[in-house]
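Undergrad: One structure, as structure tokens, below. Some questions next.
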């Protein structure tokens, strides 16, 4: 196969060989530039953390989650290289980076510095937050994000829960949730002649001053003012507008620390479960549907924003708590970790994971530079070729991408995105040739072009785009799909029930080839779940077309 060639010139410096360690566990590939012993220690802790997650988040499953890279950056400036330029800060590390598309995700963790001062997702944290807690937060965020099925959680709720999960402590036999270690100051309260609290502790806008230590959950608020609750519940810090508003209110770090403190107050303060806990979850449910007003807040918390802010401030200053201690399953302790094999990463594996992570973070040029180096040095692993093809495609180099993807397919790559990309390129070429000749696709053309799309369906994770592309391909097929082939296509609608565009396309194919029973099922589902009039009108037109067709034979089996 004629693969692309690369010339190393003065303006294209070949990425040097770097020493990384590699390990794999189900669902994860780990790349670490720490020592072998520290990497093994991480793997043992990670094995225990996964069991802890199953215990405290039983409804959050890793099954079906995206295959994930974990990149531990313990030496040099490795973490800065993976961090997008707009997030780099010479004074503080953002601590972790979670990036993904619909096929892969990557957790990049600043694993250097031991107990040095770091920031977590922009929150300045004290030295008692260790580097594994940095990973712990990133891991829980990864689990919550990949299991939420695209449902957007209110930012204050997500950040608050993550603050609690990051502080979870565990060992081989137990898990402690919601404990703030150390006692904070005892507040001195002054009352004026009208019976109002006029001390600093009674002023929700005064800076919070903690005179004794506490865990990072509490001490991160030291010297900070509370963000007014009307702003706290309305700001989305993940948007440019929200970020600018937060700069005027203390910054993202204050927001995240306040979210953790608010969550701790609602879930773990004395008697919280009687009123605060149900109010907290109800507010989160309402916030996921629309804006929160003070009137809505007061209905459930029985407090105005000002009263709630004073209660939150008091909780931070002298934390009362009822933390939870869970024993491991069956009282026998968590299972011991298996023997992990940490090896020196091959040039292909280290460059592939690094390059893919750079691509996911939007650094396309840096990704190509990292991926090209082992290729020039002679590596031809099909997974490296697949990554190179995808990176070239992201750079707009379709011809070069096609050559790499064809070679990766010949090597039986296990990357569904690579097969999907190849199928799209082949179909585009076949369509263009047929249209230039003024004719439909021939059967050999359709079979050769669509073959990668069928391969995509055999691999994990399933991709909705693969089913959509296959539906489009079937509309141009010179021969109808068999019952089995339509069943396979319709399986995509069952895997992705919220993708109404996909369901519409599959319904079109079903009606086009006379599978009226299958079409009816899909159309009825689309009509029942259409979120707006435009979507409903599309399915209504299919329903009208269905009414003019004769019913077919057997319906689809799920």
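Undergrad: Below 8 Å between Cα atoms, with a sequence gap of 6+, how large is the relative contact order for the range 415-479 in percent?
TA: 44 percent
Undergrad: Follow-up. Listing 96, 346 from the residue with the fewest other Cβ atoms within 10 Å to the one with the most, what is the order?
TA: Going from sparsest to densest Cβ surroundings: 346, 96.
Undergrad: Rounded, prolate or oblate, given the Cα gyration tensor of the range 481-558, with a/c below 1.5 counting as rounded?
TA: oblate
Undergrad: Follow-up. Among 237-249, 259-271, what's the highest-first ranking by average C-beta atoms within 10 angstrom per residue?
TA: 259-271, 237-249
Undergrad: Can you tell me the relative contact order of the range 409-553? Whole percent, Cα pairs under 8 Å, sequence separation 6 or more.
TA: 18 percent
Undergrad: Right, another one. Once you place label points 7 Å from the Cα toward the Cβ at residue 460 and residue 364, how far apart are they in nm?
TA: About 3.1 nm, to one decimal.
Undergrad: Can you compute the modelled spin-label distance between residue 341 and residue 434, with each label point 7 Å from Cα toward Cβ, in nm?
TA: The answer from the label model is 4.6 nm.
Undergrad: Let me ask you something else. So for the range 481-558, averaging the separation of alpha carbon pairs under 8 Å that are six or more residues apart and normalising by length, what relative contact order in percent results?
TA: It rounds to 33 percent for the range 481-558.
Undergrad: For residue 273 paired with residue 102, estimate the spin-label separation in nm (one decimal), with each label point 7 Å from Cα along the Cα-to-Cβ line.
TA: Going by the 7 Å Cα→Cβ label model, 4.2 nm.
Undergrad: If packing is taken as the mean number of other Cβ atoms within 10 Å per residue, what is the order of 22-33, 130-141, highest first?
TA: Highest mean packing first, the order is 130-141, 22-33.
Only the coordinates and a few stated rules stand behind these numbers; no lab work does. On a predicted model such as this, the values are computed, not experimentally measured, just so you know. Cβ coordinates were reconstructed from backbone atoms using ideal geometry, including for glycine residues, and neighbour counts include every protein chain displayed.
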